[in-house]
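Read the structure below first, then the notes.
The values are calculated or read from the model by the stated rules, or taken from the named source; none is laboratory data. Not measured: the values here are computed from a predicted model. Reconstructed Cβ throughout: ideal geometry from the backbone, glycine too, with neighbour counts over all protein chains shown. The area values use the complete protein model at the heavy-atom level, side chains included, leaving out ligands, DNA and RNA. Shrake-Rupley method; radii C 1.70, N 1.55, O 1.52, S 1.80 Å.
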Amino acid sequence: MAAITREPVDVLIVGAGASGAAAAWRLSEAGLDVLCLEQGDWTDHARAASAEPDWEVRRDREWNPYPNHRKLAVDYPINDSDTPILPLMYNGVGGSTLHWGCCFPRLHPSDFRVRTLDGVADDWPLDYFELEPYYELNDRMMGISGIAGDPANPRRAPRPLPPISLGRGAERMAAAFDRLGWHWWPMDVAVNSRPYGDDRGACNYCGPCDLGCPQRARASTDVTYWPAALGNGARLQTSARVVEITLDARGRASGAQWIDTAGNTWHQAARVVILAANGVGTARLLLLSTSRRFPDGLANSSGLVGANLMHHVTGMVTGIFDDDLEAYKGPFAASIFSQEFYETDASRGTVRGLQLMQIRGDGPLGTAIGRYLPQIPWGADHHERLLARLGRTAALTVTTEDLPRPGNRVSLDPGLVDSSGLPCPALHYEIDDNTWALLGYGSERGQEVFSEAGAAEIVTQRLVPGTGFHLLGTAKMGDDPATSVVDRFGQAHDVPNLFVVDGSTFVTCGAVNPTSTIQALALRTAEHIVEGRRALEAAA
Amino acid sequence: MRRRELLDVVLDRLLPPVDELGGAGALGLAASLDRDPLADAAPGALDEVLAALPKDFLDRDGEDQDRSLQQIETQQAEAFSILISVAYNAYYVDPRVLERIEGRTAYKAGPPQPRGYEIEPFDETLLAQISRREPFWRKVDP
């Protein structure tokens, strides 16, 4: 069936999550005609799962972060039989920020220079200080709670909002870090400690940020960037699944073909196309967009589209305390972190480092079922054991540098299709020795600090499989077209009017949560496109 | 009839009475087990557990019943784990159960929103020691 064609726009963005929203705002702010295609839909925060009596059950159903388990029509299945990590993501306006822990650390200056400093992977083609103004702008747009002065990171501007309350567990752990002489600091988080913006309230410490936020205190991009972008005149087409990026006779991107939920095929013409579909979705779309000019996938002359998948492999150490920490109070991942072991230390026998980050506790069902701890056994002692654990836990995630390896990659699985019949991605991923050693070292340090804090019992999981939230590296950034997919501005080497703004472009991933860096890069790319507007007009 | 009776007794052994609260079977939670999507996804799992129970299960005393269940937990681990998951799912969304927990802890029964919790505000004096530390991030040549 012939596609229904639509008038060209200046910029077409694929994906309405963290990066697509940021780019849409900046571009529309500059007066460009922006349209975003998103396969999911809007979320009604007033009807969030966190406001339902069975909220803990829903966490394992339609709000499960694992699309293969969730199986919503807007999701695409992922073949993950060749990886120990479960890929996690969410499709909708806001993308995975609808489902996140809201942690907002930044990469360190050293993360951009790992080849120079440590002889591994590659340096980024930009440095921390080039990105810093965009980090700051993004912090203001998202509304970040925190406090400046962290000695583990370069100085940053006063945070837009004061820190979120730590609660008993983090206060206990902070004192233990102090006694050990180890770094700790309140995490910058995208959760309002006070009302922020026109209609976003303050956090009321309910706990499950991953289940939606009727207060609009949690900064998903559907409540931060999108209202501003739409106010600027940007347009957002939901329930639009992009099939391929199309090309003109000169080999430039001409737009995208997409299908709606009724099965109609559309073609949206555009002068510039931006991919913002995360490190799996963007690679998938590029690999699906084959042509005579690009038989191995669009923008893939380097052969690196899909390669170098990075996740941040994560371990977890949990302390169970005798006294009540009321650990179910407060945003589950907004707490404190330690970057004492962030940098390379030759005495450890590893390169690069790790971050320890505290998370709060579960509700009764999560505690009983053992989301992150062994299940509470059934039987006569069940109730007593539940009360001995509920609210009495604190956990530290061990997030490690995850150095890129070409064999860790996204490919297409033609035998697995989504609800529209499109081939789905397959992930191939192995944990390398360095990462495994970092996980072990971090777990031991976690045990040490819990012991110092007086935990009655310490449970260690060196690897937590269900933590593949971070999907990075599959359209690597670099100056050399032979060894990278996009340039320092996210512009495809092979297709000059095609940009990538999601985590695909990461050269390395550091040991911190990536969203603030993803969005800062997206703002920088958008700025670059705005500055190149004359060229855009010439192209038109 | 027998299936429901069996399920009630099994649930009472898994999640027994406590304080003034009846066991999960006595609370009438058996009916909701089959409606759990987990049970849907593993059709027959609950019946597999029930079929593995000794014929005189209902006539045995509690400790004997527990031993039978422990044996099934070992020998038919997958089906039994489905039973545990759906039983816990049903039990821990029941308002009577959550109210009991609320009576023993600071946990609030009912959904987290819109009530939320009160927490002491951030105490900046906690930073007294770490704030004195000199910046130690690794410097990089431009």
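Here are a few things to note about the model shown:
- Of all residues in the stretch B:86-97, those satisfying the criterion of being surrounded by 22 or more Cβ atoms within 10 Å (Cβ to Cβ) and not hydrophobic (A, V, I, L, M, F, W, C) are B:TYR88, B:ASN89, B:TYR91, B:TYR92.
- Selection of first residues in the stretch B:83-96 that are assigned to a helix (DSSP H, G or I) and of second residues that are of a type in the set (Val, Ile, Thr), restricted to Cβ pairs under 7 Å at least 6 apart or on distinct chains, gives the following pairs, ordered by first then second residue: B:LEU83/B:VAL49; B:SER85/A:ILE369; B:TYR88/A:ILE369; B:ASN89/A:VAL57; B:TYR91/B:VAL97.
- Residues being of a type in the set (Gly, Ala, Ser) and either open to solvent by less than 30 Å² (accessible area, probe 1.4 Å) or assigned to a loop (DSSP other than H, G, I, E, B) (or both) - total across the stretch A:342-355: 2
- Which numbered condition A:ALA73 misses (of (1) within 14 Å of another protein chain (Cβ to nearest Cβ); (2) open to solvent by 30 Å² or more (accessible area, probe 1.4 Å)): (1)
- Residue within the stretch A:225-246 that is over 21 Å from A:ILE4 (Cβ atoms), assigned to a strand (DSSP E or B) and touching a Phe, Trp or Tyr at 6+ places or on another chain (Cβ under 7 Å) present: no
- Candidate set from the stretch A:126-138 (those that are within 14 Å of chain B (Cβ to nearest Cβ) and open to solvent by 10 Å² or more (accessible area, probe 1.4 Å)); member that is nearest to A:ALA22 (Cα to Cα): A:GLU132
Yes/no matrix, rows are residues, columns are (1) without any contact (Cβ under 8 Å) to a residue 60 or more places away in the chain; (2) open to solvent by 10 Å² or more (accessible area, probe 1.4 Å):
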site	(1), (2)
A:PRO158	yes, yes
A:TRP182	no, yes
A:VAL191	no, no
A:ASP198	yes, yes
A:ASN204	yes, yes
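- Check on B:ALA128, modelled with pLDDT of 95 or more, more than 7 Å from chain A (Cβ to nearest Cβ) and within 30 Å of A:PHE177 (Cα to Cα): yes
- Some residue of the stretch A:147-155 being of a type in the set (Val, Ile, Thr), farther than 30 Å from A:VAL243 by Cβ, open to solvent by less than 20 Å² (accessible area, probe 1.4 Å) and over 18 Å from the mean Cα position of the chain (by Cα): no
For (1) crowded, with 19+ Cβ neighbours inside 10 Å; (2) more than 20 Å from the chain's Cα centre (by Cα); (3) under 19 Å from B:ASP12 (Cβ atoms), each residue gets a yes or a no:
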position	(1), (2), (3)
B:ALA42	no, no, no
B:ALA45	yes, no, no
B:GLN75	no, yes, no
B:GLU99	no, no, no
B:THR105	no, no, no
B:PRO112	yes, no, no
B:ALA128	no, yes, no
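- Test: A:GLY468 is surrounded by 15 or more Cβ atoms within 10 Å (Cβ to Cβ) and in contact with a strand residue (DSSP E or B) (Cβ under 8 Å, 6 or more places away or on another chain): yes
- Candidate set from the stretch A:108-123 (those that are touching a residue at least 60 places away in the same chain (Cβ under 8 Å) and away from every other protein chain (no Cβ under 11 Å)); member that is farthest from the chain's Cα centre (by Cα): A:GLY119
This table checks each residue for (1) among the β-branched types (Val, Ile, Thr); (2) in contact with a Lys or Arg (Cβ under 9 Å, 6 or more places away or on another chain); (3) within 13 Å of another protein chain (Cβ to nearest Cβ).
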| site | (1), (2), (3) |
| --- | --- |
| B:LEU33 | no, no, yes |
| B:ILE72 | yes, no, yes |
| B:ALA77 | no, no, yes |
| B:SER85 | no, no, yes |
| B:TYR91 | no, no, yes |
| B:THR105 | yes, no, yes |
| B:PRO111 | no, no, yes |
| B:TYR117 | no, yes, yes |
| B:GLU120 | no, yes, yes |
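- Scanning the stretch B:8-29 for residues that are away from chain A (no Cβ under 14 Å) and either at pLDDT below 95 or in a loop (DSSP other than H, G, I, E, B) (or both) gives B:ALA26, B:GLY28.
- Qualifying residue in the stretch A:27-42 (condition: under 18 Å from A:ALA219 (Cα atoms), in contact (Cβ under 8 Å) with a residue 40 or more places away in the chain and among the acidic types (Asp, Glu)): yes
- Close pairs (9 angstrom Cβ cut-off, 6 or more residues apart or separate chains): aromatic (Phe, Trp, Tyr) and modelled with pLDDT under 95 in the stretch A:84-107, buried (at least 23 other Cβ atoms within 10 Å of the Cβ) and in a strand (DSSP E or B) anywhere: A:TRP100/A:ARG218
- B:GLY62 fulfils the conditions (1) closer than 24 Å to A:LEU387 by Cβ; (2) within 20 Å of the chain's Cα centre (by Cα); (3) open to solvent by less than 60 Å² (accessible area, probe 1.4 Å); (4) within 10 Å of chain A (Cβ to nearest Cβ) except for a single criterion, (2).
- Per-region count, the stretch A:219-229, residues in contact (Cβ under 8 Å) with a residue 60 or more places away in the chain and open to solvent by 20 Å² or more (accessible area, probe 1.4 Å): 1
- Test: residue in the stretch A:293-306 that is under 20 Å from A:SER451 (Cβ atoms), more than 14 Å from every other protein chain (Cβ to nearest Cβ) and either more than 18 Å from the chain's Cα centre (by Cα) or without any contact (Cβ under 8 Å) to a residue 40 or more places away in the chain (or both): no
- Some residue of the stretch A:28-43 being β-branched (Val, Ile, Thr), within 19 Å of the chain's Cα centre (by Cα), under 27 Å from A:MET310 (Cβ atoms) and surrounded by fewer than 23 Cβ atoms within 10 Å (Cβ to Cβ): no
- Per the conditions (1) open to solvent by 60 Å² or more (accessible area, probe 1.4 Å); (2) modelled with pLDDT of 95 or more, the sole criterion not satisfied by B:ASP34 is (2).
- Unique match (being crowded, with 18+ Cβ neighbours inside 10 Å, within 14 Å of chain B (Cβ to nearest Cβ) and either in a loop (DSSP other than H, G, I, E, B) or not basic (Lys, Arg) (or both)) among A:ASN91, A:ASN68, A:ASN64: A:ASN64
- Counting the residues of the stretch A:79-88 that are under 17 Å from A:ARG59 (Cα atoms) and open to solvent by 10 Å² or more (accessible area, probe 1.4 Å) gives 1.
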